[in-house]
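Participant: The structure is given below, and queries will be raised subsequently.
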Amino acid sequence: MTKEPGCEQFEVFQSALNPDKLVLLELWKDQAALDVHAGVNKTRAPLPPGLRAEGGSREDYEYSRVS
């Protein structure tokens with residue numbers, strides 16, 4: 001995987017209770033970088049059948065650092 005400009009963090013976590021469940025954590029420099037990433041994703045081939053579970057969900061969060 002190549003690192004995209006503006007991607008400051010990308011991590012994959014696997015559930016200890018359900019090893020088939022993964023969580024992706026991405027941190028983007030700003031909304032503009034995330035928008036470019038979303039555009040690139042639209043040009044990629046779809047995932048192979050069976051790789052993405054039916055009914056999978058996505059949650060987006062806004063990061064706010066507290067000092």
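The values are calculated or read from the model by the stated rules, or taken from the named source; none is laboratory data. It should be emphasised that the depicted structure is a prediction, and the values quoted were computed from it without experimental measurement. Quick reminder, even Gly has a Cβ in these numbers, built from the backbone with ideal geometry, and neighbours come from all protein chains shown. Surface accessibility is based on the protein's heavy atoms, side chains included, excluding ligands, DNA and RNA. Shrake-Rupley method; radii C 1.70, N 1.55, O 1.52, S 1.80 Å.
Participant: From the residues in the range 36-60 that are open to solvent by 90 Å² or more (accessible area, probe 1.4 Å) and of a type in the set (Val, Ile, Thr), which one is nearest to the chain's Cα centre (by Cα)?
Facilitator: Looking at residues that are open to solvent by 90 Å² or more (accessible area, probe 1.4 Å) and of a type in the set (Val, Ile, Thr), I get 36.
Participant: Let me ask something else. Scan the range 1-11 for residues that are open to solvent by less than 100 Å² (accessible area, probe 1.4 Å) and either within 19 Å of residue 65 (Cα to Cα) or of a type in the set (Gly, Ala, Ser) (or both) and jot them down. Spell out the reasoning first.
Facilitator: Let us first name the residues in the range 1-11 that are open to solvent by less than 100 Å² (accessible area, probe 1.4 Å), namely 4, 6-7, 9-11.
Listed by number, the residues that qualify are 6, 7, 9, 10, 11.
Participant: Another question, then. Pick out the one residue from 35, 60, 20 that is of a type in the set (D, E, K, R) and assigned to a helix (DSSP H, G or I).
Facilitator: On the way: 60 fails: assigned to a helix (DSSP H, G or I); 20 fails: assigned to a helix (DSSP H, G or I).
Only one candidate passes the filter, namely 35.
Participant: Looking at the range 12-35, which of its residues are open to solvent by 80 Å² or more (accessible area, probe 1.4 Å), under 18 Å from residue 62 (Cβ atoms) and more than 11 Å from the chain's Cα centre (by Cα)?
Facilitator: Those that are open to solvent by 80 Å² or more (accessible area, probe 1.4 Å), under 18 Å from residue 62 (Cβ atoms) and more than 11 Å from the chain's Cα centre (by Cα): 29, 31, 35.
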